[in-house]
Amino acid sequence: ADARLRVGVHDVRAEAALSWVDLRLARELEQKRRESLEHALTIAKIAGARVRAGSAPPSEETTAKALAGRARIDVIEAEGRAHVAEVALGHLTGIRGRSIDAAGPLALADRPMDLAPLLARARGAQPDVLAAEAAAERLDRSIEVTRAAGVSSLSIGPSVTREGTGDWLVLARASFPLPLVNPAALDTARARSDAAVQRAEVRHVRVSLEREIDLAVHERQHAREIRDALRETVILPTREALRQSLAQYEAGSTDAALVLAARRELLLAEERWAEAAAEARRADIRLLRLTGGDRKAGGGR
């Protein structure tokens, strides 16, 4: 029962940590979309000034206002997503009826992870393995219980009877178990078979766990490579492209299409980076759950 309880505690901890990532991601998306809304409102303001100055057709201002309205809807959608994640995290942690501040960065500093120490750690204290071993031990004990229940006991009993003639009959009865006969042999063999199956299940859990840890380590590294590549090769150039196109639009040397395209690409890149950063945190949590540790694999508390 203690082993099953430990499995349940680790499962709930991992689920709560994943809910924290969902809430932190939703708040990050909400912030990015608010910034995008500010850009859209700035573009709409510039478009209105250009239309009034006669340097742009009225459709340009209408398009800019429509995109600003869509940006507001995106912000509302992010707020709803954050609320759902906050409710889920509140129920998992017992913090219900209060606002939860998902403090901490969405992306953590990297720390190299070696596979061999993780496998050694999992073999020693992983909760699923310990639960499987406890179940195997319980079935081994059940063999002894079944064998003991089937053994005949030594029985000695007196018997006193008074006949109708007034005579008394005093008898004694004794029974001794035969050492070569076990009435519970079938039940004992069945219990021994169940125990052997559970011991095989322990080996299966260990092998499956090693495979899952191996995959989780590679998944963790892959998620970080995508996150870092998005930041260096997509977000930074796209952010500079938006800055330059907005400056050119304010100077009247380009049209709104270029600015709107740069704004859209930046928002998509930033949201994809946030999703990749959240996936890297999820990979840390899944690896933490597999190894049965108490600290995040990424290096933070």
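The values are calculated or read from the model by the stated rules, or taken from the named source; none is laboratory data. Note that the structure is predicted; figures quoted are calculated from it, not measured. Backbone-built Cβ (ideal geometry, glycine too); neighbour counts: all protein chains shown. Ligands, DNA and RNA are stripped out before the accessible areas are found, and what is left, the full protein with its side chains, is counted by its heavy atoms. Shrake-Rupley method; radii C 1.70, N 1.55, O 1.52, S 1.80 Å.
Here are the numbers for the structure shown:
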{"read-out": "Given charges at beta-carbon only (K, R positive; D, E negative), |dipole| of the chain in Debye", "value": "320 debye"}
{"read-out": "Added length on full extension, which subtracts the Cα-Cα distance from 0.36 nm per residue, Arg239 to Asp255", "value": "4.0 nm"}
{"read-out": "Per-bin percent of Cα-Cα distances, the range 179-301 [5 Å]", "value": "2, 10, 11, 10, 9, 8, 8, 7, 6, 6, 5, 4, 3, 2, 2, 2, 1, 1, 1, 0, 0, 0"}
{"read-out": "The range 64-185, relative contact order in percent, only Cα pairs under 8 angstrom and at least six apart counted", "value": "15 percent"}
{"read-out": "For the range 12-87 versus the range 224-291, the gap between their alpha-carbon centres in whole angstrom", "value": "14 Å"}
{"read-out": "Mean separation of Cα contacts under 8 Å (6+ apart) over length of the chain, as relative contact order %", "value": "25 percent"}
{"read-out": "Computed label-point distance, nm, for sites Asp214 and Ser159 using a 7 Å Cα→Cβ extension", "value": "7.0 nm"}
{"read-out": "Per-q log10 I(q)/I(0), the chain, q = 0.08, 0.12 Å⁻¹ (Debye; single scatterer per alpha-carbon; no solvent)", "value": "-0.60, -0.93"}
{"read-out": "Environment charge at Leu37 (Cβ cut-off 14 Å; Lys +1, Arg +1, Asp -1, Glu -1)", "value": "+1"}
{"read-out": "Three semi-axes of the equivalent ellipsoid, the range 13-117, Cα gyration tensor, whole Å, largest first", "value": "41, 18, 9"}
{"read-out": "With all protein chains modelled, accessible area of Thr165 [1.4 Å, Å²]", "value": "110 Å²"}
{"read-out": "Over 10 Å [Cα-Cα, the range 7-46], rounded percent", "value": "72 percent"}
{"read-out": "Probe 1.4 Å, all protein chains present, accessible-area order of Asp284, Asp128, Asp187, largest first", "value": "Asp187, Asp128, Asp284"}
{"read-out": "Estimated inter-spin distance, Glu137 and Trp168, nm [label 7 Å along Cα→Cβ]", "value": "5.7 nm"}
